[in-house]
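The values are calculated or read from the model by the stated rules, or taken from the named source; none is laboratory data. These figures come from a predicted structure and were not determined experimentally. For neighbour counting, all protein chains shown are included, and Cβ atoms are generated from backbone atoms with ideal geometry for every residue, glycine included. We work out accessible area using only protein heavy atoms, side chains counted, and drop any ligands, DNA or RNA first. Shrake-Rupley method; radii C 1.70, N 1.55, O 1.52, S 1.80 Å.
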Amino acid sequence: MFSDTGGDGPVVVFLHGVLMSGTLWDDVVDRLCDRHRCIVLELPFGAHRMPMPDESDLTLESLVKLIADFLVELDLYDVTLVCNDWGGAQLVINPGGSERVANLVLVSCEAFDNYPPGLPGRLLCLNASLPGGTLLTSQLLRPRMLRHLPITFGGLSKKRVPNEQFMSWIEPLRRDRRIRRDLDKYLRHVPKKELLLEWAEQQRYFKGPVLVVWAREDKLMPPEHAMRLTEHFENAELVWVDDSRTLIPIDQPEILATHIETFLARTTTPGQS
């Protein structure tokens, strides 16, 4: 599933993280959609409302290839691919193999071998490996006291995700075992670090412009990764965001939208699609 603002402006495709939906980007899209065609994917990461087919392969490598196929299906070219938390944008280049991505915007996200990120990511994968563990995760995240602990969502956002929005993220996981099955398929198959680093090395050959936007106070995505990514890609620039953690679209949407718009003005052409 996806949402599409339409229009003939440059195409921007947004990717979200685990236990989140495309609503992560609402405030950013609202600021960009007048001049850009904004497409927000709903990935099968536990907040999706339509289960994937039973036979779906939802490993990391298969998901990024699915996104690459999506760009083909919608006949999209010269796409600016934006991700936050999940490192999917850089992976769509490789191993996804997409040639339709012209620009990358990497917003405080997984990179190199930081999969899953930090203690919260490792605990999430551990729970998914246990019978009933993902259901337990969805129940434990309901009380705000537990939700805002550093080992859950407390380390992701300084402002905290609004309660109504957050509950909409975990409700499908609580209500539908097929949604839990989808998330488990992803969480139970984390690639080996050696393979992740091999993919990262192959991504060096991407020649398009890359904007790295990083929270200076990030707890899960090491700030040194922001600097490494800037050196990693041939045509990359780095901007820092203060008073934010990983979820910059929640903590500082106006600042993030301004950085993205400035980048798009320099790297895209009106009417590009």
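Could you say whether any residue in the stretch 16-26 is modelled with pLDDT of 95 or more and on the phi > 0 side of the Ramachandran plot?
Yes.
Consider the stretch 96-110. How many of its residues are surrounded by fewer than 23 Cβ atoms within 10 Å (Cβ to Cβ) and either acidic (Asp, Glu) or modelled with pLDDT of 95 or more (or both)?
Residues that pass the stated criteria total 3.
For Gly17, are the conditions met, namely being within 14 Å of the chain's Cα centre (by Cα), assigned to a loop (DSSP other than H, G, I, E, B) and among the small types (Gly, Ala, Ser)?
Yes, satisfied.
So, in the stretch 120-144, exactly how many residues are under 21 Å from Glu164 (Cα atoms) and free of Cβ contacts under 8 Å to residues at least 12 places away in the same chain?
Going through the stretch 120-144 one residue at a time, the tally reaches 2.
What residue, among those in the stretch 45-104 that are of a type in the set (A, V, I, L, M, F, W, C) and assigned to a strand (DSSP E or B), is farthest from the chain's Cα centre (by Cα)?
Taking the candidates together, the pick is Ala102.
Quick one: in the stretch 203-225, of everything that is without any contact (Cβ under 8 Å) to a residue 60 or more places away in the chain and under 30 Å from Asp34 (Cβ atoms), which residue is farthest from the chain's Cα centre (by Cα)?
Going through the qualifying residues, I end up with Lys207.
Residues that are touching a residue at least 60 places away in the same chain (Cβ under 8 Å) and under 16 Å from Thr246 (Cβ atoms): does the stretch 177-196 have at least one?
No - not one qualifying residue is present in the stretch 177-196.
Looking at this structure, is Gly88 in contact with a Cys (Cβ under 9 Å, 6 or more places away or on another chain), open to solvent by less than 20 Å² (accessible area, probe 1.4 Å) and closer than 22 Å to His232 by Cα?
Yes, satisfied.
Taking the stated definitions as given, is Asp85 at positive phi and in contact with a strand residue (DSSP E or B) (Cβ under 9 Å, 6 or more places away or on another chain)?
Considered against the rule, which asks whether it is at positive phi and in contact with a strand residue (DSSP E or B) (Cβ under 9 Å, 6 or more places away or on another chain), Asp85 comes out as yes.
Could you check the stretch 158-273 for helices (runs of 4 or more DSSP H) lying wholly inside it with 3 or more residues that are among the polar types (S, T, N, Q) and open to solvent by less than 60 Å² (accessible area, probe 1.4 Å)?
163-175
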